[in-house]
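In what follows, a structure is listed as structure tokens, so that the remarks can point back to it.
The values are calculated or read from the model by the stated rules, or taken from the named source; none is laboratory data. Here the structure is a predicted model, which is why all the values come from computation and not from measurement. Please note: Cβ atoms are built from the backbone with ideal geometry, for glycine as well, and neighbour counts cover all protein chains shown. To get the accessible areas, we keep the full protein, side chains included, count just its heavy atoms, and leave off ligands, DNA and RNA. Shrake-Rupley method; radii C 1.70, N 1.55, O 1.52, S 1.80 Å.
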Amino acid sequence: TRGRMSVLNSLFCFVLFPAAAMTGVGAEDDIPLCERKTVTDFCYLLDKSKQLFNGLRDLPQYGHKQWQSYFGRTFDIYTKLWKFQQQHRQVLDNRYGLKRWQIGEVASKIGQLYYHYYLRTSETSYLNEAFSFYSAIRQRSYYHQVNKENRPELVVKKLRYYARFIVVCLLLNKMDLVKVLVKELSEEIEDYTQRFNTEDQLEWNLVLQEVAAFVEADPLMILNDDNAVVVLSNRLQEGGVPPLEQGMVVGQLTLADALIVGNCNNQVKFSELTIDMFRMLQALEREPVNLATQSSKPGTLEPNEKPAKRENPHKYLLYKPTFSQLYTFLSASFKELPANSVLLVYLSATGVFPTGRSECEGPYDFGGVLTNTNRDVVNGEMVQKRSQAQKEMHCLHPGDLFSFTRKPLFIIVDSSNSTAYKNFSNLFGQPLVCLLSPTVYPKSMQDQCQRGSLFTLFLYNPLMGFLSVCGLSSMRYGLWEKAQELLRKVFHDIGQMITSSRVIDQAYLQFYGDEFLRLLMIRFVFCFFPPAIPKLPNRDVKTEVCTDIYIYI
């Protein structure tokens with residue numbers, strides 16, 4: 001059996017690296033036994049790593065436990081492969097014809113592995129590991145020689161690496177690096193389309209357009225004294241939430257799971273991540289520790305090392321899901337929700353309105369938010385409704401969520417038909433809160449809906465939303481800090497109003513103990529507090545920080 005495996009591995013190496021065999025470099029009779037074993041072992045590790053990596057796409061995207069052991073095995077084999085090629089580089093170069101782009105491909109897959117592990121766990125430490133591998137590929141020019149080979153599929157690998165690297169940098173708010181990577185990607189795409197008669201030129205140009213629109217989506221620029229743009233993180237930071245005061249009686253619930261759904265027509269997006277999804281994703285994460293001081297050696301963090309306490313709620317990112325997909329993820333999250341935990345459902349979607357009015361209006365008679373219709377196709381044609389009297393099937397109605405109110409549920413609806421969820425029934429007496437967006441915006445704000453919803457912008461960065469409504473497009477960093485200090489005082493007072501109120505629904509107090517939910521509720525109140533935005537007088541100093549946040553609200 002060992003002899004057969006040796007033959008198979010040698011054949012595999014010949015297929016993978018015919019150049020070495022063609023030139024006669026390292027003919028089998030001339031290769032020492034130890035070096036031959038090195039080549040054979042490397043072939044085995046490479047083959048096994050590819051098998052395990054390709055198997056990742058077959059894992060269920062929902063659930064917390066089914067995938068962990070498989071990811072662990074995949075990490076183990078890639079760790080061995082990476083260390084093996086480092087330890088035996090000279091033998092692999094001389095006897096194997098190992099090329100730098102092949103090392104880059106291994107590093108790129110490890111980066112993908114860490115990125116997907118971040119998506120599975122929501123822990124930003126793994127996102128930093130993905131960045132370290134992607135950054136090493138660029139610094140060490142692993143893909144530099146790809147353009148000299150007449151193989152378009154290798155160039156595509158390089159382009160995909162750039163696209164993935166850009167996504168990771170966006171999530172880490174490394175905007176300066178994003179701009180550099182976009183410029184390099186643009187040059188690579190231009191070279192690729194000129195050298196090869198490709199059919200995917202429009203697709204890659206669309207990628208450039210999407211990321212450019214994504215970078216420019218924020219309505220406000222913060223400038224330092226040198227007029228350079230200051231990039232600020234909007235993740236939850238230490239001291240960023242009004243603390244619980246001594247003796248304050250609030251619930252002990254913890255936000256454990258969040259479904260972030262994006263299905264808005266024509267909204268800026270990149271890599272199946274709309275700008276609203278991107279903002280809510282960061283609003284539900286803590287600022288990672290030592291973000292800028294990661295190890296220069298990639299792969300230092302073992303994925304099997306679990307933090308003593310989860311820093312961030314687990315999140316599912318669903319871009320334009322069908323109803324069945326959305327319901328499957330909801331059911332899986334509901335099933336695995338720990339005791340004393342909360343499920344958050346964030347819906348950023350186009351509104352679906354009822355076609356007619358029924359005699360007895362129920363939870364399925366007010367419409368809801370749109371779900372994807374692309375997969376309801378028979379023989380290439382979209383399935384049409386048989387009768388206008390039937391309910392819209394490609395819609396998440398309020399009644400569809402009633403089953404999940406058996407456990408604490410926190411719902412955010414950002415839609416033109418958010419009012420459909422206004423009379424949401426609490427059938428099981430568990431804590432339930434629905435935060436609903438406005439359905440009508442000022443005319444001056446409607447033109448900017450493509451760059452993200454104003455409502456979600458308030459939940460993500462309330463000061464940016466506030467200043468955007470005031471018509472400001474830029475602000476000095478010092479003034480921004482002054483406004484933030486005013487806002488912290490406003491948030492402290494809003495928190496006291498919520499906890500001291502004798503008429504507020506107790507569900508708000510049940511959720512108030514969790515920092516993420518507390519901040520979302522306070523930002524929601526701030527968003528709706530001024531019933532109308534007055535026209536600011538024409539004064540300098542950015543109208544005294546918007547009239548000192550409207551004379552302290």
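The table that follows gives values for the structure above.
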item: Index of the failed condition, Ala258 passing every other in (1) assigned to a loop (DSSP other than H, G, I, E, B); (2) small (Gly, Ala, Ser); (3) closer than 19 Å to Ile522 by Cα; result: (1)
item: The range 484-506: number of residues that are within 17 Å of Leu519 (Cα to Cα) and of a type in the set (Ser, Thr, Tyr); result: 2
item: Test: residue in the range 196-213 that is more than 29 Å from Gln484 (Cα to Cα), in contact with a Ser or Thr (Cβ under 6 Å, 6 or more places away or on another chain) and without any contact (Cβ under 8 Å) to a residue 60 or more places away in the chain; result: yes
item: Extreme residue, surrounded by the fewest Cβ atoms within 10 Å (Cβ to Cβ), among residues of the range 432-468 that are over 17 Å from Asn263 (Cα atoms) and touching a Phe, Trp or Tyr at 6+ places or on another chain (Cβ under 6 Å); result: Cys434
item: The range 472-516 - residue that is assigned to a loop (DSSP other than H, G, I, E, B) and open to solvent by 60 Å² or more (accessible area, probe 1.4 Å) and, of those, nearest to Leu236 (Cα to Cα); result: Ser473
item: Matching residues in the range 185-207 - criterion: being closer than 18 Å to Ser271 by Cα and either modelled with pLDDT under 90 or surrounded by fewer than 15 Cβ atoms within 10 Å (Cβ to Cβ) (or both); result: Asp200, Gln201, Leu202, Glu203, Asn205, Leu206
item: Residue within the range 447-456 that is farther than 21 Å from Ala349 by Cα and free of Cβ contacts under 8 Å to residues at least 40 places away in the same chain present; result: no
item: Complete set of residues in the range 279-292 that are open to solvent by 20 Å² or more (accessible area, probe 1.4 Å) and at pLDDT 90 or above; result: Arg286
item: Matching entry among Ser271, Ser295, Ser331, Ser341 (being of a type in the set (S, T, N, Q), modelled with pLDDT of 95 or more and open to solvent by 20 Å² or more (accessible area, probe 1.4 Å)); result: Ser331
item: Residues (out of contact with any Leu (no Cβ under 8 Å at 6 or more places or on another chain), at negative phi and open to solvent by less than 40 Å² (accessible area, probe 1.4 Å)) located in the range 83-112; result: Val91, Tyr96, Gln102, Ile103, Gly104, Glu105, Ala107, Ser108, Lys109, Ile110, Gly111, Gln112
item: Members of the range 395-421 that are under 26 Å from Asn266 (Cβ atoms), in a loop (DSSP other than H, G, I, E, B) and open to solvent by less than 20 Å² (accessible area, probe 1.4 Å); result: His397, Ser415, Asn417
item: Top-ranked residue in the range 39-72 [being open to solvent by 20 Å² or more (accessible area, probe 1.4 Å) and in a loop (DSSP other than H, G, I, E, B); ranked as nearest to Tyr327 (Cα to Cα)]; result: Tyr62
item: Single match in Phe428, Phe424 (criterion: modelled with pLDDT of 90 or more, of a type in the set (A, V, I, L, M, F, W, C), in contact with a helix residue (DSSP H, G or I) (Cβ under 7 Å, 6 or more places away or on another chain) and assigned to a loop (DSSP other than H, G, I, E, B)); result: Phe428
item: Filter pass, Pro242 being out of contact with any Ser or Thr (no Cβ under 7 Å at 6 or more places or on another chain), open to solvent by less than 30 Å² (accessible area, probe 1.4 Å) and assigned to a loop (DSSP other than H, G, I, E, B); result: yes
item: Segments classed as helices (runs of 4 or more DSSP H), wholly inside the range 73-155, with at least 2 members that are β-branched (Val, Ile, Thr) and over 23 Å from the mean Cα position of the chain (by Cα); result: 100-121
item: Candidate set: the range 151-181, residues that are open to solvent by 40 Å² or more (accessible area, probe 1.4 Å) and of a type in the set (D, E, K, R); chosen: the one nearest to Ala130 (Cα to Cα); result: Arg164
item: Tally, over the range 234-268, of residues that are small (Gly, Ala, Ser) and either under 30 Å from Glu203 (Cα atoms) or at pLDDT 90 or above (or both); result: 3
item: Scope the range 135-150; condition surrounded by fewer than 18 Cβ atoms within 10 Å (Cβ to Cβ) and touching a Leu at 6+ places or on another chain (Cβ under 9 Å); matching residues; result: Asn147
item: Residue in the range 474-488 that is more than 26 Å from the chain's Cα centre (by Cα), under 17 Å from Leu436 (Cα atoms) and at pLDDT 90 or above present; result: no
item: Selection status of Asn173, free of Cβ contacts under 8 Å to residues at least 12 places away in the same chain, farther than 25 Å from Tyr44 by Cα and not in a helix (DSSP H, G or I); result: no
item: Verdict on Gln61 being touching a strand residue (DSSP E or B) at 6+ places or on another chain (Cβ under 8 Å) and under 20 Å from Tyr316 (Cα atoms); result: yes
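So that you can scan it fast, the table gives a plain yes or no per residue for (1) closer than 30 Å to His64 by Cβ; (2) touching a His at 6+ places or on another chain (Cβ under 6 Å); (3) of a type outside the set (A, V, I, L, M, F, W, C):
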position	(1), (2), (3)
Gln87	no, no, yes
Gln90	no, no, yes
Leu98	no, no, no
Val106	yes, no, no
Ile110	yes, no, no
Thr121	yes, no, yes
Asn128	yes, no, yes
Tyr134	yes, no, yes
Gln139	no, no, yes
